[in-house]
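Comments concern the structure below.
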Amino acid sequence: VGDFTSYNGTARNRIARLNADGSLDASFNPGSGASGTVRTTALQPDGKIIIGGIFTSYNGTPRNRVARLLIATEWTGNTNTDWNDAANWSSGVVPTLTDSVIIPTTPTGGNMPTVNIAGAEVLAITIETGATVTITDGNALTVDGTLTNEGTLNVNNNGSLVQTTGSTLAGSGTFNVQRQGATGQRFNFWSSPITSQSGVPGTSYSYDSNASTQDDTDDSPSDPGWNSYNGAMVPGVGYAGNGGGLATFNGTVNNGDVDVPLVFHAFD
C-alpha cells in the first residue's frame, strides 16, 4: 500500500498484491482503489482486508480513512468446468456464502463454470461481459448479496437460481431459463421466471372469475370463465397451457416481492 497509482505499468490505486517473485498478482483486483494515500493494512482471518490512511472514498464509495475490503475470488477454470473443484478458483477454495466471486471474460484455463451441485452459494457474483455460468439440471446457485450479470447466466430445466431476501440484481446481461412441460399431458401449468414473457407455451387459457357461473349446462366445451389467452405471462400469475416441450425464457429474472391482486367472485 502507499500513494502509487500503478504497479509495473498496470493501474492500481494505492493497493496491490504481489506474487513471491515481485510480479503483480492479477487475480487481486481492488477496483478503482482508494482516493488518497493508504498507510497501513491488516489481513483478517476471514480473508478480508482492513486499510487505513487519508482517503475519503474507496472504489467510489465514501469511506473516511478506514475501510474493510471484500476481496473477490476469481474463477480460473484451470482444471475443468466444475464449479465445485477448488483447483478452478484463484483462492484454491470452493466459494461459500461469505465469498464474492468474479467470472472473468477470459478465464486463465479457458473453461467457463458449470454449477453441478444443489448447494452452491456465494455472497455476491459478477459475471463479466462474454462470460457464461450454467446451472445444470437439478442443481442450484444461491446468491445472498448482489448478482451482477454482464454476460450470460443459463438455468437449465429443473435448475434453480435462488436470491435470498435483500439480494439485488445489476448489469445488462442475458438470463436463459429453461422449463420442461410434460408432453402428452392434457395441461401444463406455467409461471414465468423472468420479468416478462411473450406467451404461454402451447395453446393457453386464462381464468376470468366474473365470467364464470354456477350453471353446469354452460360448461360445454368448458366453463365460460376460461378464455383463450395469447398475451404475455405476468410474474406471479399461473397459466394453463395445452402443450408440452422445452421452453426457454429470456430476460431479467424475477426478484423481490411480486404483488398479484386476488379476485373473489360471489355467486348468487
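The values are calculated or read from the model by the stated rules, or taken from the named source; none is laboratory data. From a predicted model like this one, the values you see are computed outputs, not experimental measurements. Quick reminder, even Gly has a Cβ in these numbers, built from the backbone with ideal geometry, and neighbours come from all protein chains shown. To get the accessible areas, we keep the full protein, side chains included, count just its heavy atoms, and leave off ligands, DNA and RNA. Shrake-Rupley method; radii C 1.70, N 1.55, O 1.52, S 1.80 Å.
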Revision key, fill the gap. If amide H atoms are modeled at 1.01 Å from N in the peptide plane, then the residues at a separation of 5 or more from Thr174, or on another chain, having amide H under 5 Å from its own are Gly151, Thr152, Leu153
Practice item. Any chance you could check the Cα centroid distance between the stretch 105-161 and the stretch 216-268 for me, in angstrom? Key: 30 Å
**Study point:** Bins of 5 Å, starting at 0 and running to the largest distance - Cα pair percent for the stretch 114-220
**Key:** 3, 10, 16, 19, 16, 10, 8, 7, 4, 4, 3, 1
Exercise for review: Under a 10 Å cutoff between Cα atoms, tell me which one of Thr213, Thr37, Thr114 has the largest fluctuation in the Gaussian network model of the chain.
Suggested key: Thr213
Exercise for review: Please figure out what share of the DSSP beta bridges in the stretch 91-238 is antiparallel and state it in percent, rounded to the nearest 5.
Suggested key: 15 percent
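Considering only protein heavy atoms and a 1.4 Å probe, what is the carbon-and-sulfur percentage of the accessible area of the stretch 62-206? If you can, show how the numbers build up before the last one.
Details: 3110 of 6590 Å².
Accessible surface attributable to carbon and sulfur in the stretch 62-206 totals 47 percent.
Per-residue counts of other Cβ atoms within 10 Å, averaged by peptide: what ranking do you get for 147-156, 175-184, 192-201, highest first?
Numbers: 147-156: 21.3, 175-184: 15.8, 192-201: 19.1.
For the peptides 147-156, 175-184, 192-201, the packing ranking is 147-156, 192-201, 175-184.
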Study note, to complete from the structure: At 25 °C in a medium of viscosity 0.890 mPa s, the chain has a Stokes-Einstein diffusion coefficient, with Rh taken as the Kirkwood radius over alpha carbon pairs, in µm² per second, of 113 µm²/s
